[in-house]
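Here the structure comes first, spelled out in structure tokens, and everything after it is commentary.
The values are calculated or read from the model by the stated rules, or taken from the named source; none is laboratory data. Fair warning: this is a prediction, and the values are worked out from it, not measured in the lab. With ideal geometry, Cβ positions are generated from the backbone for all residues, glycine too; neighbour counts draw on all protein chains shown.
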Amino acid sequence: MVENSIHLSQQILYKRSHKTFAKGYHFPIHAHRLSELYLILEGSCQMDLANKTYQFQAGDCVILAPFVIHSLTIPKEDTCTVIQLHFDLYHFPHFLVGQDRQNPFEMIDLFKDTNSHLLFQPTEEEAAYLLQSGRLPLPPDLYESSLQQLEFTVFLTKILYRIKREPEGRPELGSRYVQNTLEYIHHHFSNQLLLATIAKELNITPHYLNKLFKAETGTTIKHYLTLYRLNRSVELMSRTKKSLTFIAQEVGFNDVQHYSKTFRKYFNTSPRQFRQLMTPDSH
């Protein structure tokens, strides 16, 4: 087996559709392991994503991260037509650029700053691809299906490359501290983690680090860490049958009562109720 081989039969794109949601349509809070992409063709919609509300208009394209708690609402006065794709970011291959094997491109990195979604305006070429893709069923033929999976992989890679290149020049010092903070959280979230611990690791004062982080991301380190832990707990709910007590401890909560209270505070439902809402696909 070649180390850097890509299995064309590996399924990344699972479902795609071109649909119109009726006036006043509402799909309540839920989550699933597949990522979703919406291209708004006509009308508008409202999404609640990770405890925040966003309005999307015609021309907007939004990608939802895996396991993000979200809902969808269409205004009562208008319909909303979209292209909708479901895909698996965790099956997306790692790409090495040049000889730099320490820093592969990973699609999941797109969500490090928001932890919920990526909003962008597609180019004419990207919009044309999505429009064509959304109107075609996934072919049963293995080779044709493999080619379409590869086309979608190329599409996502172009999006990643374009977005990564948009901030020109070297990252500011604050941005580097924020990036290092995110990486530290992602590697140590299951442990007892304090702002002072992270600041000491990065050789910076806790107050200044939190100030840089909030200026860059719009939220505090404590809030981000909590939300990251909750999203990781949702991931564990989806792929294991472990108890909520086990999951709470696995993602860094001292006890299940504190975990349940925090989960309800952020997502307006209990972990147990939420587990019952989880579906492999969506609206």
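Consider residue 38 carefully, then state whether it is touching a residue at least 60 places away in the same chain (Cβ under 8 Å) and in the same structural domain as residue 119 (by TED's automatic domain parsing). For residue 38, the condition - touching a residue at least 60 places away in the same chain (Cβ under 8 Å) and in the same structural domain as residue 119 (by TED's automatic domain parsing) - is not met. If you filter segment 267-283 down to residues that are surrounded by fewer than 14 Cβ atoms within 10 Å (Cβ to Cβ) and modelled with pLDDT under 90, you find that the one that is farthest from residue 34 (Cα to Cα) is 268. Only helices (runs of 4 or more DSSP H) whose full extent lies in segment 184-266 are considered here, and the ones with at least 3 residues that are in contact (Cβ under 8 Å) with a residue 24 or more places away in the chain and surrounded by fewer than 19 Cβ atoms within 10 Å (Cβ to Cβ) are 206-217, 221-239.
Selection over segment 42-59 of residues that are crowded, with 18+ Cβ neighbours inside 10 Å and over 17 Å from residue 230 (Cα atoms) gives a count of 4.
Which fully enclosed strands (runs of 3 or more DSSP E) of segment 53-141 have 2 or more residues being farther than 16 Å from residue 16 by Cα and either acidic (Asp, Glu) or at pLDDT below 75 (or both)?
95-97, 100-105
If you go through segment 41-52 and keep only what is in a strand (DSSP E or B), over 17 Å from residue 26 (Cβ atoms) and in contact (Cβ under 8 Å) with a residue 60 or more places away in the chain, you end up with 41, 52. Quick one: in segment 13-29, of everything that is buried (at least 17 other Cβ atoms within 10 Å of the Cβ) and not aromatic (Phe, Trp, Tyr), which residue is nearest to the chain's Cα centre (by Cα)? The residue in question is 13. Checking each residue in segment 12-57 for being touching a strand residue (DSSP E or B) at 6+ places or on another chain (Cβ under 8 Å) and among the polar types (S, T, N, Q) picks out 17, 20, 35, 44, 46, 53, 55, 57.
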